[in-house]
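Asker: To start, I am sharing the structure in question, which I have written as structure tokens.
Nothing in this text is a laboratory measurement; each read-out follows from the coordinates by a stated rule. Everything numeric in this text was worked out from a predicted model, so none of it was measured. Ideal geometry is used to build each Cβ from the backbone, glycine not excepted, and the neighbour counts take in all protein chains shown.
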Amino acid sequence: MTIRGDWTLDELRAGLDGSPYSIPSASDRAATEMLEQLRLVTAEATTARHNLHRNYRVRLHFARRSREIHESNRVENLGPEDLSETHRILRSKQADEIEEAINRYAVITTLDADHRTMDVLGLHGAKLFADQLLGAESAHLAETDVREIHQLLMGQDYRGGAYKGWLNSIGDSEHVPYAPSDTPQAMHELMVWMNRVIADDCLPAPVAAAAVHAWLAHIHPFHDGNGRVSRLLANLIVGRAGLPPLIVQMVGDRNEYIEALQVSDQGGDLAPLVGIFLRTMRRAVQDMRAPDFAMKLFEDEIQQRVQGAYAQWRSTFMAWLDEFGGALTLHGLRLRTDPREMIDQAAFRRIRQYGRGGGNSLVVGGIGNEDRYPDCRAYMLLEPTRNLFRYSGGEPTMTFLIYAPLEWSTRVHQRMGGEIDEILVKPDSGEGILVRRVGGRTSRMSTTESAEFVAQALSDDFRSGRARARYPTRQPSARSRDRRDSVGDPFDFTQR
């Protein structure tokens, strides 16, 4: 695949032919807008890579490799919690032994390590093997190659490299995955389609990567590791096209990523997953344009150096969330957050560095009560300041979203349009909390006062129906697909 940006809607439709995915004619405008985003991001990535000094290319490559392996494991709740530990493992003698063995086409079966270390080393070995496939003269990828990737990924697990031998299930999903007897034929169809698309260069690489990812996750061919194999194949496709890797992060990406795959499951709509991939590419472009900043972020994280501005802001923000959660309870609503997905230092510093540049908005929690307000949910979005920029020292503001995927839109959420426009928590609690209401009025309040005010406003939004989810109008296709192998939505209010 080559780096192209001038794709047409007809080419996109033709390229998807033979896959479970399609673009309905009513979605022409949304699909055209997505192609324009693809054109811009591809052009920016190509220019940034061309201008990047070779020394930085080498350093950023290793930093990306460490983060790609770390985040792919963390999305599945596997591997070490800290990037520093993943980095240490990748610098270890065991990692060197895997690289030497891969270069000899030997499979590692004797490594003695704890399971979190094996999560890193297994994915490292699979990634190295994929790199060899990426550099091969032939673009053809065989089923045996995918199974070899899985075997390396699973390490000493005896089921590694073998398709599932029994009917498996997926937590929190009603879908029953492919039966073991149907899996080989389904994988054959996927591989034939993927190789044709790569050989004919008939789809934008991020779209082809999204299709392969969603399709393999749907087939669910292995007993475990389907999500990691899907992401690895997606990166192999964009790597062939000379584009930066797709790194879906635990912080800020994971919830939208799961929901994007659910949208593709329900109606064959790939656009939200493509949107997640475009976001990750924009972050990569930012790193290539500012390599000194990117490397400083990486080095601070692996050495676990915490910057004072972030530590102070996080402390104040978390204290406000505690007050806010209590105030919501009094209004019959629940605040759900996942500490693993709360904004980290790197995300905070990216927002301060790049402002409203693409790729730096983060969904960090949900609000709802399924018993009292069925199908209603508000998502908390942290993003660079919009209307409150004059009060901000670079800190993010918070606003609220609802679940409202449109056909072939690259986002699964829309702004709620409720009573609150933006909330700005300053690092110094003495400065108060700034709340901007819809219509333009801004008030400075104490922590307790602002928490109660925002909770009351959200309660009004739930009662009025402004927080109600807006589901796609398309009916599920005959080949309705399951979720990837993951725990369910961490903000699912049907959970008790």
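Asker: Suppose the chain between F389 and L330 were pulled fully straight at 0.36 nm per residue; how much longer would it get relative to their current alpha carbon spacing?
Answerer: Answer, rounded to one decimal: 18.1 nm.
Asker: Please give the helix 226-240 orientation as an angle from the longest Cα principal axis of the chain, in degrees from 0 to 90, rounded to the nearest 10.
Answerer: 80 degrees
Asker: A further question on this structure: Tilt of helix 183-200 relative to the longest C-alpha principal axis of the chain, in degrees (0 to 90, nearest 10)?
Answerer: In the chain, helix 183-200 runs at an angle near 90 degrees to the longest axis.
Asker: Turning to a different aspect of this structure: For the stretch 67-73, in order, what is each residue's ³J(HN,Hα) by Karplus, 6.51 cos²θ - 1.76 cosθ + 1.60 with θ = phi - 60°, in whole Hz (x at glycine and Pro)?
Answerer: Calculated HN-Hα couplings, in order: 6, 4, 5, 4, 5, 4, 5 Hz.
Asker: Which FRET efficiency, nearest 0.05, do R88 and A319 yield, Cβ-Cβ r, R0 35 Å?
Answerer: Here the calculated transfer efficiency is 0.60.
Asker: May I ask you to list the residues of the stretch 146-168 whose amide nitrogen lies under 17 Å from a point 7 Å from Cα along the Cα→beta-carbon direction of N195?
Answerer: 146-149
Asker: May I pose another question? Between Q307 and Q456, what length comes free when the chain is fully extended (0.36 nm per residue of separation minus the Cα-Cα distance, one decimal in nm)?
Answerer: 50.2 nm
Asker: Right, something else. May I have the count of lysine pairs in the chain with C-alpha atoms under 29 Å apart, counting pairs 8 or more residues apart or located on different chains?
Answerer: Final tally of qualifying lysine pairs is 5.
Asker: Where the convex hull is taken over the Cα atoms of the chain, what is its projected area averaged over directions, in nm²?
Answerer: Here the figure is 22.8 nm², rounded to one decimal.
Asker: Taking the 0 to 90 degree range and rounding to the nearest ten, how far is the long axis of helix 308-330 tilted relative to the main principal axis of the chain, both from C-alpha atoms?
Answerer: It works out to around 70 degrees.
Asker: Would you calculate the separation in nanometres between label points at T442 and F293, each defined as 7 Å from the Cα along the Cα-to-beta-carbon direction?
Answerer: So the label points at T442 and F293 sit 2.2 nm apart.
Asker: Then there's this: Relative contact order of the chain, please, whole-number percent, based on alpha carbon pairs below 8 angstrom and at least 6 residues apart.
Answerer: 18 percent
Asker: Further, regarding this structure: Highest first, please rank the peptides 65-75, 299-309 by the mean number of other Cβ atoms sitting within 10 Å of their residues.
Answerer: Highest mean packing first, the order is 65-75, 299-309.
Asker: Can you tell me the relative contact order of the stretch 306-437? Whole percent, Cα pairs under 8 Å, sequence separation 6 or more.
Answerer: It comes to 22 percent, rounded to a whole number.
Asker: For the stretch 9-297, just the Cα atoms, rotate onto the principal axes and tell me the three extents in Å, largest first.
Answerer: 55, 50, 38
Asker: I would also like to ask the following. Quick check on the exposure proxy: order F462, F293 from fewest to most C-beta atoms within 10 angstrom.
Answerer: F293, F462
Asker: Using packing as a proxy for protection, rank 276-286, 203-213, 37-47 so that the peptide with the highest average count of other Cβ atoms within 10 Å comes first.
Answerer: With the highest mean Cβ count within 10 Å placed first, the list reads 203-213, 276-286, 37-47.
Asker: Further question on the same structure: Can you give the calculated 222 nm mean residue ellipticity of the chain, where each DSSP H run of n ≥ 4 adds -39,500 (n - 2.57) and the sum is split over every residue, rounded to the nearest 500 deg cm²/dmol?
Answerer: That comes out to -17000 deg cm²/dmol.
Asker: While we're on this one: If you take the alpha carbon radius of gyration of the stretch 305-464 and divide it by 2.2 N^0.38 Å, what ratio comes out, to two decimals?
Answerer: Dividing the Cα Rg of the stretch 305-464 by 2.2 N^0.38 Å gives 1.00.
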